[in-house]
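First the structure, in the form of C-alpha cells, and then the observations on it.
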Amino acid sequence: MCPYSLSRPGGVQAQVLGLARALESRGHRATVFAPVDDPARLPTGVEVVATGRSVPVRGNGSVAPISLSVTAARSALRVLRSAGFDVVHVHEPFTPGLPFGLLVARGLPPVVATFHRSGGSPFYTALRPLTTRLARRFVVRCAVSSASGSTAAAALGGTYEIGFNGVEVEEFHGVDPWPTKRPTVLFLGRHEERKGLGVLLGAFEALGAAAPTATATGGAPATDARPVLWIAGDGPQTDALRRSHPESADIRWLGVIPEGEKFRRLVAADLLCAPSLGGESFGMVLLEAMAARTVVVASDIDGYREAAGGHALLVPPGDGRALAEALSGVLCGSGAVGTPSGPEGGPGRWAGSRRHWLDAAEGWSARWSMDRLAEWYEDIYRSAVVGPAG
C-alpha cells in the first residue's frame, strides 16, 4: 500500500513498485494499492488497485500527492478483505488517506508497516497519542534506515526492523547513454528548498565561469570543456529558479522525465549531484547513480552518508563554495575520485583510478539490490503471518 500517487515520480512510489516486481519474480502475487491520477499511464508489470486521485498536501518540507477520497478508501478496503491476501504491507502508515482507514478497519490480514520519513513529520504527531495507540495494529514495524527508524520511534515508540531501500540494478545493464559531448552534471529531484537545487545552481554558475574551452592544435575550436547541468523534475521553486538561471547551452531544464530517460541520463552523466539540505531518510538516488557507474557528489547528511558508504564525495549541506570545489575536482580530475591518467571519452573523464572508484561504488550498490530487499521482506512477512522462526 502506497499513499502517494503512482502518476508522480517519488522515492516511496519507486520502492513500492520495485518491491512488487521483485516479489512477483520470486513467485509471489503482489498487488499495489495507491492513488492514480492518469489511468492511461499505469506502471507495467504490476497489478494496481487505484485508490482515488491525489491532491497536494504539504509535509516534511515537501508536497505529498495523496488521496483523501473516503469513497476510494472504502472500496480499497473491500478489496483487501475479499481478495485473500496473506499480509498487508503499508508504506508511510500515518499519511492521510487509505493508510488511516487501514488503521481503524477490522477483518484485515496482518499488517506490516514501513516508515520512510526522517527528521519529524506532522503526519506522525498531529493526532498523538491516538497514533501511538493505532500503531499497535502493526504486527511488524520496519524502517528504511536508522534515521527513519529513530524518527518513528521518537513519535510512536516501539521497536523497528531496520532494512534499506532497494535498487533495481538490472535496469542499468545495457542502457544506451543519453547523448552528450560535454562534461555533464545531473540533478534529479523535486524543486523545493530542502533539495538544495538553488545551492547547486549557484555553485554551477561559479564552476562554469571558471571552465576553459578546449582548443585543438593551431588554436582551432575543439570539444567544449565547460560542463552542462541537466535538471530533471519540477516543484514549487521551478519558476523562480528558472527566472534566475534560465535555459541555456550550459543549463538544461528537463521537467519530469520518464524512468527510461532517467536511466539513460544517469548512465551518460559524469556525476550525479544531490545537494539536499536535510530531511532525507535515505539516499536512493545515490545508489542508482552508483549502479549506473556515475560519480556521486552529495550533501553530508545522515541519510546520504548511510547510503554512500564511503563511495561518494560528501560536502557540508548548503555550502556552495565547497560544492563547487567538489564538482570541479570530479570534472577536472583533481579531486578525491582520482587523478587523470589519459583521456577516456573526452574532457572531464578518467581512466585508471576513476574506474576503480566506480567499480567499488557499483559493487556497493549491488548490496542494496531490490531482489535482496524482497528476500528480507519475505522473512518479515513470514513472521507476521506465522510468527517468528524458532
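The values are calculated or read from the model by the stated rules, or taken from the named source; none is laboratory data. Quick caveat, the model's predicted, so the values are computed rather than measured. Positions of Cβ are backbone-derived with ideal geometry, glycine not excepted, and every protein chain shown enters the neighbour counts.
Observations, loosely collected:
- Yes/no for Ser67 being under 30 Å from Leu277 (Cα atoms) and more than 19 Å from the chain's Cα centre (by Cα): yes
- Comparison of Gly318, Gly338 shows that the only residue that is modelled with pLDDT of 95 or more and part of a loop (DSSP other than H, G, I, E, B) is Gly318.
- Contacts under 6 angstrom Cβ, first residue in region 314-339 being on the phi > 0 side of the Ramachandran plot, partner among the aliphatic types (A, V, I, L, M) and at pLDDT 90 or above, 6 or more apart: Gly318/Val199; Gly318/Leu277
- Checked against the criterion of being in a helix (DSSP H, G or I) and crowded, with 19+ Cβ neighbours inside 10 Å, the candidates Gly260, Gly303, Gly279 yield just one match: Gly303.
- Segments classed as strands (runs of 3 or more DSSP E), wholly inside region 5-87, with at least 1 members that are over 28 Å from Val385 (Cα atoms) and among the small types (Gly, Ala, Ser): 55-59, 62-66
- Criterion (modelled with pLDDT of 90 or more and not aromatic (Phe, Trp, Tyr)) met by exactly one of Pro122, Pro129, Pro109: Pro109
- Verdict on Leu266 being outside any loop (DSSP other than H, G, I, E, B) and either free of Cβ contacts under 8 Å to residues at least 24 places away in the same chain or within 23 Å of Gly174 (Cα to Cα) (or both): yes
- Number of positions in region 223-254 that are under 26 Å from the mean Cα position of the chain (by Cα) and polar (S, T, N, Q): 2
- Check on Arg252, part of a helix (DSSP H, G or I) and not hydrophobic (A, V, I, L, M, F, W, C): no
- The single residue among Arg293, Arg372 that is under 22 Å from Leu17 (Cβ atoms) and either modelled with pLDDT of 95 or more or within 25 Å of the chain's Cα centre (by Cα) (or both) turns out to be Arg372.
- Top-ranked residue in region 14-26 [being crowded, with 22+ Cβ neighbours inside 10 Å and without any contact (Cβ under 8 Å) to a residue 60 or more places away in the chain; ranked as farthest from Val88 (Cα to Cα)]: Leu17
- The sole residue among Gly11, Gly101, Gly107 that is within 30 Å of Ala155 (Cα to Cα) and in contact (Cβ under 8 Å) with a residue 60 or more places away in the chain is Gly11.
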